[in-house]
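Below is one structure; the comments refer to it alone.
Every number in this text was worked out from the coordinates using simple rules, so none of it is lab data. Note that this is a predicted model, so its numbers are computed, not measured. Cβ coordinates were reconstructed from backbone atoms using ideal geometry, including for glycine residues, and neighbour counts include every protein chain displayed.
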């Protein structure tokens, strides 16, 4: 090989080297593009929370990982920003140089999320804890459990049971949705709640004596009472006097709006025999569309405005809370703002609310008008704005006609009569004031609390099966086959037992009800009606066997 | 211009002609055959390693807390970092392969024989330094495999009789892998070993220069053919070509088979399958075949035998004239090494 | 190895004695002029090839050494606006540990009320600290001083203390800070 050849070869190899480097450059560009697409923003840990993240990143990496993926982390809101406590807070304690509290209440969140806090505070959600002295609670605490601890009556192999907590069903059941009354352990073995601390408007306790009784661990951290915490019930009664828990829907520590936008989130509580909203939604066309089009829901959108960010299907949040094109994208944290009926009580009521956002029960029209601040029609108009994104006004109005008709039918045919019978029996002294100790009380509870609500909720969200078979069908059975015979039996026994007047009074009420045209078929038979139906059918479809 | 040259010449009294003469070593003609350039190849790759190594060290942080993250930064964020890391990794692989091939060539051509015994020993030292550089470099990534490779490697040295514990403690900077270990590995990899290699290379090349390259005669050589050609520029151009071919090869390898990141080292869990780098497969398999002390002692003995082989071979050839024992021993060694390496490569445990 | 090899020792390599003279290497010389021209052309091509290859490699290395990208910045939550009363200041620490003084000078509640002063002296980068008794920032390196708004009042600094951008959103104060150097 001559020198010249070698030199030429070197020139060629140099060029080839250049070509291989062009390949390298191409890969580099590709890599950069790939990285740009991935675009994971760096998460800055606020200096005030660096120590928390360092330690909890090892101890409780799940919490830190959730926070890292949150909008809070993106915007530099760190652990201390939410968990900070002020001197004088009942639940504050020193934790590695920071004065913090375990539970972050809506009042804490309101430091930044003021509007959301206020909307939520006057919503029915915030009142969820009020059932703590209600019929439902009586069920869990007395009927299902016992208000005081009691002794076991035989041993449990493998476990030493010294006492039975009679409140277990209330603590693990009712209160996990409705919210507990958060309490500390007290040094004398009791519970210290906001009733003892009497917090002022700033959330700070006003009874120092109660604060002193709070039991603390070796590090000075106050100890919560296991009957009240952990709890993320929506109407939780917090130590600072605020109501509710934002993490009921916005699970900590990522506080994901994405999750709150999906029906499963509401389904933690809005399901089951007494208010199967999630099942109803799943049955409805709305739920079917959502499941099908989930990936088109743009659930990660910043604003998530209906009509702008997505239109594929509505979720619970879409109709009841989220912003849309017709209201300027305004979100509300009071889901009652667009609801025109409350189907919660035995007899449905119109959602005419007063200045305190409570339903007006006044019957005198003039007084009623004066009290109402926000009418059910205004609320319905707000809901119709949502509907209008996909449906024409005629369609929406006709739907509301169908819905109203069903609720009124239930009210008039079963709810009001049933209520009247129950009231009469009570007034005549033929049942005790104690609920659930007599069969007819269970019957009536099933009728309105389970079946009656299913029918009404089914109609409100377009689930025909819930409206009819799980709803009105069972309401009717409960009314005619259980409630009426049981009421008659009570009247009969009263008459035989020497309370003829009381028995007669009950019978009179039942007779009056059954004599109404809508109930006549039950006592008089309905053969004629069947003929009428058959005739109508024949008119429409022709005689069976005959040519069409 | 000429004034500047004159000014420089006065101050740096080096004659250009003299310099050319000094470097212009006559190169035996057999070096026209490509496989005789295996000595220059590792030298060239060593330069590549120094250059890319210095570049990588700009971002690398030798502490167990940040090492993995800094390697990730180099691989994923720094511009062309992945390429430089890939070149460094592949040049290391090629360098070790070239060193071994170079040694085999020297061995089978008997180029270690008198008067070149000492240069063989220097070469053996270079081999050991190269392997140690490979070992420490692999550990710097601080991923699972490299962490556990280092741990196992350090624990193996503990089995050396008498000095084992001392050696292990010196290597790890403590009884176990600890906060000081990585910086030790880094200093060994980036300073101590490279400087040692440079010094040894100096001796290696000076000795070649003083003794001249072994001349080999081939049967197909024409009788009247020139026996030497010039180092400069003829052989120098050959080396340049080899250098360029290597750069192309490295660039393609680094792009097609880039150096990746395994999971970060976790001292709490050992991966199911742990393997050292391929050039330690032989020793790894050897260790599994015998008890640790036996394996260590036998390996030490083999290494020692390799080191003094020129003397042993000399003695054999003195006793039995024309003995071909070295070829047979060499063949046996190559088969054994390749066999053990392949064995280790194809089984999980 | 198929070839028969015989190692021999060459003569001692002392080029001053009997090293082959440059150019003695056997090459069939064609037209010397033509060969010279082609040779220099080849030399040029060789130099070009080497420069292209290694030069590009050098450029890559330089690009690698140049800091990857300008420091990205991001908005970080500081506190609710109401937390700093007019006339008061808050010591805020950036994620990288740098200290920032955020002072409120107005009461409108807008971002203009606030200034966020870096504690890095614009002179030579030392850390200034607040001297309460003199109500000024003081730089210990060259005795530079700044008034509470960060304007230079004495010593070598001619520039005011650098300010960080601030914004107020829904009653919340945010600061724009570099995100470099964070995990």
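Considering only chain A, what is the antiparallel percent among its DSSP beta bridges, to the nearest 5? Show your work: numbers first, answer last.
Numbers: 16 of 19 bridges.
So the antiparallel bridges amount to about 85 percent of the total.
Give me P(r) over chain A, computed from all C-alpha to C-alpha distances, binned every 10 Å, as integer percentages.
Computed distribution, short to long bins: 3, 13, 20, 21, 18, 11, 6, 4, 2, 1, 1, 0, 0, 0.
For residue A:349 and residue A:206, what does the FRET efficiency come to when R0 = 41 Å and r is the distance between their Cβ atoms, rounded to the nearest 0.05?
With a Förster radius of 41 Å, E is 0.65.
How far is it, in nm, from the label point at residue A:259 to the one at residue B:198 when both lie 7 Å from their Cα along the line to the Cβ?
5.8
For chain A, calculate the relative contact order in percent as a whole number, restricting contacts to Cα pairs under 8 Å that are 6 or more residues apart.
Details: 731 pairs, mean separation 52.8, N = 548.
That works out to 10 percent.
Give me the one-decimal nm value for the distance between modelled label points at residue B:333 and residue A:394, 7 Å along each residue's Cα-to-Cβ direction.
9.9
Per residue and in Å³, how big is the convex hull formed by the alpha-carbon atoms of the protein assembly as shown?
For the protein assembly as shown, the hull spanned by Cα atoms encloses 364 Å³ per residue.
Please compute, for peptide A:43-56, the average count of beta-carbon atoms on other protein chains lying within 10 Å of each residue's beta-carbon. Mind showing how you got there, number by number?
Details: counts 5, 15, 4, 8, 10, 3, 1, 5, 0, 0, 1, 1, 0, 0.
For peptide A:43-56, the averaged partner shielding equals 4.
Tell me, what is the FRET efficiency for residue C:112 and residue A:300 to the nearest 0.05, using R0 = 45 angstrom and their Cβ-Cβ distance as r?
My answer for the efficiency is 0.85.
Considering the zone a paramagnetic label at residue A:130 would reach in this model (a point 7 Å from Cα along the Cα-to-Cβ line), which residues of segment A:347-375 have amide N under 13 Å from it?
Those under the cut-off are A:353-361.
Compute the length gained on full extension between residue A:288 and residue A:58: take 0.36 nm times their separation in residues and subtract their Cα-Cα distance, giving the result in nm to one decimal.
78.6 nm
Need the C-alpha centroid separation for segment A:482-548 versus segment A:199-241, integer Å.
Taking the Cα centre of segment A:199-241 as reference, the centre of segment A:482-548 is 57 Å away.
If I stretch the segment between residue B:236 and residue B:304 completely, what's the gain in nm (0.36 nm per residue apart, minus their alpha carbon distance), one decimal?
21.0 nm
Starting with the highest mean, order A:52-59, B:66-73, A:134-141, C:114-121 by the number of other Cβ atoms within 10 Å, averaged over the residues of each peptide. Could the numbers behind the result be given before it?
Values: A:52-59: 14.9, B:66-73: 18.9, A:134-141: 16.4, C:114-121: 21.6.
Ranked by mean Cβ neighbours within 10 Å, highest first: C:114-121, B:66-73, A:134-141, A:52-59.
Return the average number of partner chain Cβ atoms within 10 angstrom of each residue Cβ along peptide B:71-84.
Neighbouring Cβ atoms belonging to other protein chains average 5 per residue here.
Run the simple label-point estimate for residue A:363 and residue B:15 please: 7 Å along Cα→C-beta, distance reported in nm.
Label at residue A:363, label at residue B:15, 13.1 nm between them.
Where in segment A:255-279 does the label zone of residue A:465 land, with the point 7 angstrom along Cα→C-beta and an amide N cut-off under 13 Å?
Inside the label zone: A:279.
Just checking the output field for C:59-67: average partner chain Cβ neighbours within 10 Å of each residue's Cβ? Working shown, then result.
Working: counts 3, 11, 8, 3, 6, 14, 6, 2, 2.
The shielding value for this peptide is 6.
Which FRET efficiency value, to the nearest 0.05, do you get for residue A:496 and residue A:532 by plugging their Cβ-Cβ distance into 1/(1 + (r/R0)^6) with R0 = 35 Å?
0.30
Among B:261-272, A:189-200, A:260-271, how do they line up from the highest to the lowest mean number of other beta-carbon atoms within 10 Å?
Packing proxy ranking, top to bottom: A:260-271, A:189-200, B:261-272.
Can you show me the helix-derived [θ] at 222 nm for chain A, built from DSSP H runs with n ≥ 4 at -39,500 (n - 2.57) apiece and divided by the number of residues, rounded to the nearest 500.
Counting only the DSSP helices, I get -12500 deg cm²/dmol.
Determine the relative contact order of chain B: mean sequence separation of Cα pairs under 8 Å and six or more apart, normalised by residue count, in whole percent.
RCO, chain B: 26 percent.
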